[in-house]
Every structure is written in C-alpha cells, then in structure tokens.
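Written below as structure tokens is the structure these notes are about.
The values are calculated or read from the model by the stated rules, or taken from the named source; none is laboratory data. Because the structure is predicted, anything quoted here is derived from the model rather than measured. Positions of Cβ are generated from backbone atoms using ideal geometry, with glycine treated the same way; all protein chains shown enter the neighbour counts.
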C-alpha cells in the first residue's frame, strides 16, 4: 500500500519530555494520501515544519489520551489544520475527558474542524475512507485508548500507554504494531508498559513488524535499539526501535 508513518518524536514520561532528551511530537501517518496526526505532544508544530509536513493537509488529529506529552500541541495543530479557522476542515478524535471537565481542547477552537468525535471503548470510526477502532479502554490514570487501523492491505495497531493486563494483546491483531514502551522494568505504581510487557505483547500477536517508541528515562538508558535487537533475536520476529524523525515507508513492508 502507499503510505508512511513518521515519528515526530519518541520521548515518553515527564523527564524525557521536559528536558527534550528526545523530541515529543507524536506520530504523523499517511495512509493512501489520508494524513492523520496522532498524539501531538510538545513540539509537534516545530517537528512537523522541520520534516516539511503541511498541517493544512491533515485530515484528522487523534488523541489517545489527554496527558500533556500526548496533547499539549493539539490546539495549535487544530489551528494549523484549519488555517487559523478560516477553512473549516478535518476531524478531531479524543476521549470524553479531553473535552469535558478539565479539557485540553480549547472551546473556542471546537468549531474550526468539520467534526469532533468522542472515542469510546469498542468504537469504530472513519476518516475519508480509512477505518480505525478503539477496541479497549487501557489501564491509565486518564481515559486512554489504543488504535487499530484496518487498512485494505494491512492492519496497524498503536498500543498506547497502559498498565499491562493479560487480555491486552488479544485486542490488537495487526501486521504492524507500534508500542509505547516507557519503562525498562515492570513494577511500581506506574501504568506504563515495560520491556517484558512488550515482549509478551509481540510474542502473542506475532506481527510482521513491531516498533518500540515513547521511551522514558530507564528505557532510554537501556538503549532502545539494543533492546529491539535482543527481542528480535529471542522471538524470531522483526522488532525495531523508532528514532526521532524516522519515516517508515509502508510500501516497502513485506507481509508474506
């Protein structure tokens, strides 16, 4: 299929984002010409400009949840997508708590997109012929959903922040999975995935390609590329670590 996924940033958790050890711009997807921005955290607008990506060509912006490392640039990107509100276009998808009490999407901007849709557990949505689902609510301090895109030639899952639970892999059967792996080790009062969690998810789903991203400090110190290499060798499956600015050409991925 024609398309690409660009990692505008790979930072996760407060310290990595606050110090900008890695960029925190989220993910820009192009599926058959339909351009979708996922989780525009701090610096998205700047990182998109550096990659010469054009916000006015976006068809949608999706928030998996409202934490600032996923949402702080959502308002400026809505303005950019709609050319300052002069052109009512595009869609915004977000959980209810990103729009209701203590919202992260400013009210004065809500008339700028063509529509705003609320994400819910088990929901199905369409963006200009591109379908995606939010199969399960994740275990996280705020309302959070992963995304499962069901494209004509492949399925792509974005497994957002969550504490691991045994059923989690079963909700994301996909050819390509992108996993937010914040921590090197599990445990503690943290509702984030770790390396052992990622290993279990990958081993159960058995995708053609797994991509690790959204690294916290312990994961960064563990060297994500080395972690991915070890997982590839152990599982006999292709695993890679994203890096800031990486663009993945979907047309070059072999599914057979």
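Which of the residues spanning region 43-69 are over 14 Å from the mean Cα position of the chain (by Cα) and assigned to a loop (DSSP other than H, G, I, E, B)?
The answer is 43, 51, 52, 53, 54.
Any residue that is surrounded by fewer than 24 Cβ atoms within 10 Å (Cβ to Cβ), under 18 Å from the mean Cα position of the chain (by Cα), assigned to a loop (DSSP other than H, G, I, E, B) and at pLDDT 95 or above - is there at least one of those in region 75-95?
No, because not a single residue in region 75-95 is surrounded by fewer than 24 Cβ atoms within 10 Å (Cβ to Cβ), under 18 Å from the mean Cα position of the chain (by Cα), assigned to a loop (DSSP other than H, G, I, E, B) and at pLDDT 95 or above.
Taking region 193-215, which residues are part of a loop (DSSP other than H, G, I, E, B), surrounded by fewer than 23 Cβ atoms within 10 Å (Cβ to Cβ) and on the phi < 0 side of the Ramachandran plot?
208 - this is the single residue of region 193-215 that is part of a loop (DSSP other than H, G, I, E, B), surrounded by fewer than 23 Cβ atoms within 10 Å (Cβ to Cβ) and on the phi < 0 side of the Ramachandran plot.
For region 150-170, how many residues are outside any loop (DSSP other than H, G, I, E, B) and crowded, with 21+ Cβ neighbours inside 10 Å?
5
Given the criterion closer than 30 Å to residue 225 by Cβ, crowded, with 16+ Cβ neighbours inside 10 Å, modelled with pLDDT of 95 or more and touching a helix residue (DSSP H, G or I) at 6+ places or on another chain (Cβ under 7 Å), identify the matching residue among 23, 98.
One residue alone meets the criteria, 23.
Could you please find all residues in region 234-256 being surrounded by fewer than 17 Cβ atoms within 10 Å (Cβ to Cβ), touching a strand residue (DSSP E or B) at 6+ places or on another chain (Cβ under 9 Å) and not in a loop (DSSP other than H, G, I, E, B)?
Result: 235, 247, 249, 251.
Could you list, ordered by first residue, the pairs with Cβ atoms under 6 Å in which the first is in region 46-58 and farther than 11 Å from residue 245 by Cα and the second is assigned to a loop (DSSP other than H, G, I, E, B), at least 6 apart or interchain?
These pairs meet every condition: 56/83; 58/90.
Out of curiosity, is residue 37 more than 17 Å from the chain's Cα centre (by Cα) and outside any helix (DSSP H, G or I)?
Against the criterion (more than 17 Å from the chain's Cα centre (by Cα) and outside any helix (DSSP H, G or I)), residue 37 does not qualify.
Report whether or not residue 209 is under 30 Å from residue 49 (Cβ atoms), in contact with a strand residue (DSSP E or B) (Cβ under 7 Å, 6 or more places away or on another chain) and modelled with pLDDT of 95 or more.
So residue 209 passes the test.
I need a count of the residues in region 122-140 that are assigned to a loop (DSSP other than H, G, I, E, B) and surrounded by 13 or more Cβ atoms within 10 Å (Cβ to Cβ).
6
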